[in-house]
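Following: one structure in structure tokens, then a few remarks.
The values are calculated or read from the model by the stated rules, or taken from the named source; none is laboratory data. Quick caveat, the model's predicted, so the values are computed rather than measured. FYI the Cβ positions are ideal-geometry reconstructions off the backbone, even for glycines, and counts take in every protein chain you see. In case anyone asks, the SASA skips ligands and DNA or RNA and just uses the protein heavy atoms, side chains included. Shrake-Rupley method; radii C 1.70, N 1.55, O 1.52, S 1.80 Å.
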Amino acid sequence: MTALHLRPDLEEIPSYRQGKPPVARSGPSYKLSSNESPFGPLPSVVERVRDAVARANLYPNMAAPELVAALARRHEVAPARIALGAGSVEVISQMMRAVASPGDEVLFAWRSFEAYPMLAVAAGARPVTVPLDASFRHNLPALAAAVTDRTRAVLVCNPNNPTGTTVTHQAFTEFMQAVPANVLVVLDAAYTEFDSAADAPRETELLAQYPNLAVARTFSKAYGLAGMRVGYAVAPIAVAEAMSKVAVPFGVTAMAQAAALASLEAASELAERVHIVMTERDRVAGALRAAGWTVPQTAANFVWVASGERTPQVVSALEEAGVSARTFDGEGVRITTGTPAANDVVIAALTTLGA
Ligand SMILES: *Cc1c(COP(=O)(O)O)cnc(C)c1O
């Protein structure tokens, strides 16, 4: 039988791994593998989604004018700079497809978000990586130095998934100055709401200053809407226009638009939830360090346990306790901050195991 023609470059990349499902067991189990919020949607959000469902026979308004206006106000930019997508992974995918042609390069640190290599290859580009430093942080000077005349985009994940580490405003500013102005820099700020550092990159200031900077944000993490699929970029106008040409029409449903708008209106309630998650995250990180584990300072809704060769034992100890986390063989385990009960189970399991 003759094999069907497929793109040969897709053989190089694995499919995206969804977070491991909850451990199947008789006792309680905790899914801490996808950085989801432990809180269900706010009643005000559910109500607005329900209203939108009643009009599900109609196509959504692709321009999403209310949501775009609210986001433009929030980021102090022209509405034309806001680009929406079905999650910020889709938004980043649009950006890659908007800037890269076959043979071009997309540059990012490694280890970082697992979707980046796939998004680059799917856009026809070649992923190029620069290792994190010994403290699991972005090496921004090395990243800037790796830019070539084929580089079309540089992705900086801050806080970084899966290590939770951050770059400072100063370091990111120096990086922006070093990157040529015709190369798009994407600051993937999926976890930025969990970063309370005084020296965190100041998005509004940076967006005003650097015309080749885009920031990608999502409603999936701090806003707890992972199942609704809505994210956005604040991008240079030309990039936002190009993104609209590669986007799948009607990708952001009316339900997702309604949920996002209602969430922006409930910002203070959501900020309280974020605060609870941050306090719990710091409690878990502190307890695991006290038990001897290497856990870098984290500014996201997860901790990175740099367990290296002991990773299989960590995974078994967690699974025996009913916890599924995200495993990186030979490197470590990323554990989402869950409910206090789930976090207690994580602490007990890894304290008993011992580093
Ligand atoms: C979760 C995540 C996103 C966004 O995911 P969506 O659900 O598609 O919005 C983007 N970047 C990183 C690094 C993430 O971890």
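Considering every residue within segment 294-313, establish whether at least one is at pLDDT 95 or above, in contact with a helix residue (DSSP H, G or I) (Cβ under 6 Å, 6 or more places away or on another chain), closer than 30 Å to ARG48 by Cβ and crowded, with 22+ Cβ neighbours inside 10 Å. Within segment 294-313, one or more residues are at pLDDT 95 or above, in contact with a helix residue (DSSP H, G or I) (Cβ under 6 Å, 6 or more places away or on another chain), closer than 30 Å to ARG48 by Cβ and crowded, with 22+ Cβ neighbours inside 10 Å. For segment 52-68, the count of residues that are among the hydroxyl-bearing types (Ser, Thr, Tyr) and within 30 Å of ALA271 (Cβ to Cβ) is zero. In segment 27-34 there is no residue that is among the basic types (Lys, Arg), closer than 27 Å to GLY322 by Cβ and in a loop (DSSP other than H, G, I, E, B). The residues in segment 152-164 that are open to solvent by less than 10 Å² (accessible area, probe 1.4 Å), in a strand (DSSP E or B) and over 7 Å from LEU107 (Cα atoms) can be counted, and the count is 2.
The set of residues from segment 311-339 being part of a helix (DSSP H, G or I) and more than 19 Å from GLY164 (Cβ to Cβ) comprises PRO312, GLN313, SER316, ALA317, GLU319, GLU320.
For segment 186-232, the candidate set comprises residues that are within 10 Å of the ligand (Cβ to nearest atom) and among the basic types (Lys, Arg); within that set, the residue that is farthest from ASN301 (Cα to Cα) is ARG229. Checked against (1) closer than 30 Å to ALA144 by Cα; (2) more than 15 Å from the ligand (Cβ to nearest atom); (3) among the aliphatic types (A, V, I, L, M); (4) open to solvent by 30 Å² or more (accessible area, probe 1.4 Å), ALA69 passes all but condition (1). Only one entry in VAL121, VAL147, VAL130 is touching a residue at least 12 places away in the same chain (Cβ under 8 Å) and more than 19 Å from PRO102 (Cα to Cα), namely VAL130.
Number of residues in segment 128-142 that are under 22 Å from GLN297 (Cβ atoms), surrounded by fewer than 24 Cβ atoms within 10 Å (Cβ to Cβ) and within 16 Å of the ligand (Cβ to nearest atom): the value is 3.
Take VAL46 and tell me if it is at pLDDT 95 or above, among the β-branched types (Val, Ile, Thr) and under 18 Å from GLU241 (Cα atoms). The answer is no for VAL46.
Conditions (1) within 16 Å of the ligand (Cβ to nearest atom); (2) touching a His at 6+ places or on another chain (Cβ under 6 Å); (3) of a type in the set (Gly, Ala, Ser); (4) open to solvent by 60 Å² or more (accessible area, probe 1.4 Å), marked per residue:
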| site | (1), (2), (3), (4) |
| --- | --- |
| ALA3 | no, no, yes, yes |
| SER33 | yes, no, yes, no |
| GLU36 | yes, no, no, yes |
| MET62 | no, no, no, yes |
| GLY87 | yes, no, yes, no |
| ARG97 | yes, no, no, yes |
| VAL106 | yes, no, no, no |
